Amino acid sequence: MLGNTIGKNLRKLRMEKNMSQTYVAQKLFIQRQTLSAYERGKNTPDIYILMELARIYETSLDELIGNGRRE
């Protein structure tokens, strides 16, 4: 399921950057619970949120959605 793939990638990237859910949610102007729902695959972020997450995590949209290869 695409939502689960995105969610796992979001959590992994956030953890790699040592960022809290609260910090990222504040950067996105969303509730921490909303970010948590994205990471758990309960909700899928829209393209604007994905673009901002890619900027925050310094990665590509492809990597966020699971199309990029990670070494």
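The values are calculated or read from the model by the stated rules, or taken from the named source; none is laboratory data. All values derive from a computational prediction rather than experimental measurement. Cβ coordinates were reconstructed from backbone atoms using ideal geometry, including for glycine residues, and neighbour counts include every protein chain displayed.
When each of THR34, THR44 is tested for being among the hydroxyl-bearing types (Ser, Thr, Tyr), within 14 Å of GLY66 (Cα to Cα) and surrounded by 15 or more Cβ atoms within 10 Å (Cβ to Cβ), the lone residue that passes is THR44. When you scan region 2-17, do you find a residue that is surrounded by fewer than 13 Cβ atoms within 10 Å (Cβ to Cβ), out of contact with any Ser or Thr (no Cβ under 7 Å at 6 or more places or on another chain) and either β-branched (Val, Ile, Thr) or on the phi > 0 side of the Ramachandran plot (or both), even just one? No - not one qualifying residue is present in region 2-17. Scanning region 31-69 for residues that are within 18 Å of ASN4 (Cα to Cα), out of contact with any helix residue (DSSP H, G or I) (no Cβ under 7 Å at 6 or more places or on another chain) and in a loop (DSSP other than H, G, I, E, B) yields a count of 4.
The set of residues in region 52-62 being surrounded by 13 or more Cβ atoms within 10 Å (Cβ to Cβ) and either closer than 14 Å to LYS8 by Cβ or not charged (D, E, K, R) (or both) consists of LEU53, ALA54, ILE56, TYR57, THR59, LEU61. Here the condition is being touching an Asp or Glu at 6+ places or on another chain (Cβ under 7 Å), of a type in the set (A, V, I, L, M) and at pLDDT 95 or above; of LEU28, LEU50, LEU13, it holds for LEU28 alone.
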